[in-house]
Amino acid sequence: MPPGAKRLLADQSDRTHQIGSKLKCMCNGCDQAAGKCYHVGGAYSGPCDTAKTMLKEIDTHIAAGMTDEQVLKAMIQEYGPLAYVEPPKSGFGLVAWLMPILYLLGGTALVIVVMKRWRKRPVAVAAASSANGVRVSPELLARAREQAQRETEE
Amino acid sequence: MDVFGSFALILAFVCALYAFVGGIAAIITRHPLLIKSARQAGIAVCGLIFTATLSLVYLFFTDNYSVAYVVSHSNRDLSTFFKIAALWSGQEGSLLFWSFLLAIYVVSVLLTYRNKNGELMPYVGVILAGVQLFFLTISNFVASPFKALGVANAAGSFDLVARADGNGLNPVLQYPEMVIHPPNLYSGYTGFTIPFAFALAALLARYPGEKWIHLTRKWTMIAWCFQTMGILLGAHWAYAVLGWGGYWGWDPVENASLLPWLTGTAFLHSVMMQEKRGMMKVWNVWLVFLTFMLCILGTLLTRSGVVSSVHSFAQSSIGNWFVGFLLIILGVCLAAYFKNKDYLKSENQLDSLVSRESSFLFNNLVLLVACVAVLSGTLFPVFSEWFTGSRISVGAPFFNKVNIPLGLLLMFLTGVGPLLAWRKTSTESMKRNFRGPVTAGLLGGVIGFFLGVREMFALICFSLCVFVATTIVQEFYRGARVVKARSSASWLVSCVDLTLRNTRRYGGYIVHLGMVMIFIGLAGQAFNKEVEKELPIGSTISIGKYELLLQSMDRKQERNYVADRMIVEVMKDKKPVMMLYPERRNFPANQESGTMVAIYSTLREDLYVVYAGMNPQNNLPTIHVFINPLVKWVWWGGMVVVMGTIVALVPTRAAVVVLARTEVPSATRELSGIRPAQVTLREGHD
């Protein structure tokens, strides 16, 4: 076999698994990707028969000269929209995609509100509640300052 | 022995009930004898749980196949080593094991603080007894590990039987790491019970001061350390055993273990806000509550089979009990919070937007967003089934897309946070602190680009890793320079000296360094390669720089299994490097088989070889080869993280007097801004 042909084979298999990792193993027993299926127990661990069949189909599609997108489309057409390992970006699946964005926006808004409130908080609160802390004598403070100075000088 | 074990278990239940009810009575009446008896009942519970657990281990060791649990998880040929692992390989045993680990924590807490914190401990005892009571209820009445093996007879009752041999242990669990991964992870899960108990107790008792924070921080770090080790050992186990070439698949149970880790990490950071500035008290209490609830949720997800998972060997309908328990915890937390809300009033104001305080706020934001995003992603298939009737898959690509940007943001904050001063950072010190690291980070990115890294996220990640690593080195350098100037010791001695002077701060930096290494390893995933092929003996397969020659196959008969091996010679650039022996093991006891991956690992990349099976039609073996760059960095980084945590747990050598309200991060402290009246003295923490 010429070296070029060998390389092609290697690339092809890598591609098969890349595409396979975007498709769900349709054995109904797991929530794993066909390219990464690793059932525990069962006949043996490793890709189950369904996942293997799906990978072989992808191989066939690739051999027919299809692009990654086309292979994915063909597989989704065959196994239904649930075969795609990501939630669809339409319908209820869109909710899954919007959720993290909403969390981040909501959280950031919350942090900004909290910061604004903290900025406005009167210093008096601090003084009033320092009863919980230890009162410091001037000598101790001086010593602490000196030590901080010593610890931190460059 | 099974009767003995179940008797110990029921007695433990009774004692826990007393510790709980008697403890509440003790809090109300404040009778010293009642307080003492409740505490001693709590200690007795732990002793009885130890007894019950040891009884179950004894049943495994003596091959007692009249006990249902032993029959389903062991057999005579199983080695003694794995018989220990069999203890937690199923539902009943792992719940007992939960109680066992919790009992170790509880007994340590009760004994350590028996003469201290007199106001707080009765509350802590009651809360711990409550949690134990729940698990003992399950172990006694719902899923008893000591249930005798029975066969239904015509009369509708059961005849007791004993079998000659057991069904054996699941082969994927017969791996040394499986003997240490679950105990670590469970120690993490159970360990978060202690901070929870202290937080709730402090809130209920309106315990004055920040004492509970000091008590809790140590226990949180212990639990966090175990959780980290547990997660990484689990990842390594998945990598070395499951044979799909990766170590993290965003499996529901993996996610479940990550959730309390994320909130626990958030707490370990935001706790400093309370210690230093008396801020974020409400937030901290709720973070601890949330972490504990996520631990229970994690156990629920693992046990109930709500979401299908690789960990499906521990499923049942026990979920309802956990949902009930979770609701009770939530109810108690809410009630305690609304009753004593005023106790958590914050003390301070935010002086500047560019300060350590704001960096902690954003750190907590990112960790919590990641936590909620992972949680909702994990539960999304269930939600979609409720709302639309069909399950929508949420797989690894989704979690990666969501979490990679969040992870990078977190890495950025890891670098920025320690360089910002408490209260406010002057432009001058900003310049001085950031000049070096930013230059190094950008340079790292450019070098990465010219080395051929074209994946955007990987490039950003490498650049950030260099940035963060430089900030850490800079912090050590500046601190050590001061020590060196005074003691004229070597750099290494100065660094050690510096670390021992403030273990918490420099231990924290070591943890950050470990995280940098882990992130480098994670970024390596962008460059994974794989190839799978049916390979006749004597032929080769090539991937990257490697060429693999299948020399021959052989078969080995072991005590508990039959191993089929591939004998593979690895050549790199046409030169022989080493031999690899990927295996498939067939276990006759339960008719199952498992893989044994062969890995040639270097700091640069792993060559990962799997014997994927034999094609029955043409009798050709299939080989699956992966090149996974930088994986080793994840494991080594994990070790550095654990080391750093241990350093941070070591008490600081001399109690250093630190000005709490003016704590400035690096060696550039400005003392001009001190307001004397508000200074409090604390131990030398950072």
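Over the protein assembly as shown, DSSP H runs of length four or greater, each weighted -39,500 (n - 2.57), average out per residue to a 222 nm ellipticity of -20000 deg cm²/dmol. For segment B:395-536, the alpha-carbon coordinates run over 68, 40, 31 Å along the three principal axes, in decreasing order.
Here A:Leu94 and A:Lys56 are evaluated by their C-beta separation; at R0 = 35 Å the FRET efficiency comes out at 0.60. The 3J(HN,Hα) values that the Karplus relation (6.51, -1.76, 1.60; θ = phi - 60°) gives for segment B:193-204 are, in residue order, 5, 5, x, 4, 4, 5, 5, 5, 4, 4, 5, 5 Hz. Gly and Pro appear as x. Plainly put, segment B:428-511 has a radius of gyration that is 1.10 times its Kirkwood radius, both from alpha-carbon atoms, as the Rg/Rh ratio. Compactness ratio for chain B: Cα radius of gyration over 2.2 N^0.38 Å (N = residue count) comes to 1.04. Counting lysine pairs in segment B:522-642 that sit 8 or more residues apart in sequence, or on different chains, and whose Cα atoms lie under 25 Å apart gives 17.
Residues whose amide H comes within less than 5 Å of that of A:Lys22, counting only those at least five positions distant or on another chain, are A:Gly35 (H built at 1.01 Å from N in the peptide plane).
Within segment B:547-601, the GluC sites (Glu not before Pro) that combine a DSSP coil assignment with at most 13 other C-beta atoms in a 10 angstrom radius are B:Glu558. Compute the distribution of all C-alpha to C-alpha distances in segment B:122-255, in bins of 10 Å from 0, and list the percent of pairs in each, rounded to whole numbers. Calculated P(r), rounded to whole percents: 10, 24, 26, 23, 13, 4, 0. Sequence-ordered 3J(HN,Hα) estimates for segment B:624-636 from the Karplus curve with 6.51, -1.76 and 1.60 and θ = phi - 60° stand at 10, 10, 10, 10, 10, x, 6, 4, 4, 4, 5, 5, 5 Hz, glycine and proline given as x. Placing a pseudo-label 7 Å from each Cα along the Cα-to-Cβ vector at B:Ser352 and A:Glu69 gives an inter-label distance of 5.1 nm.
Once backbone amide H atoms are built at 1.01 Å from N, B:Val577 has B:Val570, B:Met571, B:Lys572 as its partners under 5 Å, excluding neighbours fewer than 5 places away on the same chain. Could you calculate the FRET efficiency of B:Met1 with B:Ala155 from 1/(1 + (r/R0)^6), where r is the beta carbon distance between them and R0 is 30 Å, rounded to 0.05? That gives a FRET efficiency of 0.60. Taking amide H positions as modeled 1.01 Å from N, with prolines and chain starts lacking one, the residues under 5 Å from A:Cys48 and 5 or more places away or on another chain are A:His39. Among B:His624, A:His61, a tally of other beta-carbon atoms within 10 Å of each Cβ gives an order, fewest to most, of A:His61, B:His624. Over all distinct Cα-Cα pairs of the protein assembly as shown, the Kirkwood formula returns a hydrodynamic radius of 29.2 Å. Could you tell me the calculated FRET efficiency between B:Leu649 and B:Ala148, based on Cβ-Cβ distance and R0 = 35 angstrom, to the nearest 0.05? My answer for the efficiency is 0.20.
When the convex hull of its Cα atoms is viewed from all sides, segment B:1-147 shows a mean projected area of 8.2 nm².
Of the residues B:Tyr509, B:Tyr207, the one with the fewest other Cβ atoms within 10 Å heads the list, and the complete ranking is B:Tyr207, B:Tyr509. Residue-wise HN-Hα couplings along segment B:63-78, as the Karplus relation 6.51 cos²θ - 1.76 cosθ + 1.60 with θ = phi - 60° gives them from phi, are 6, 8, 8, 9, 9, 4, 5, 5, 4, 7, 10, 8, 8, 4, 7, 5 Hz; Gly and Pro carry x.
Values in this text are rule-based calculations from the coordinates and carry no lab data. Keep in mind it's a predicted model, so treat the numbers as computed, not measured. When we count neighbours, we look across all protein chains shown, and the Cβ atoms used for this are built from the backbone with ideal geometry, even at glycine.
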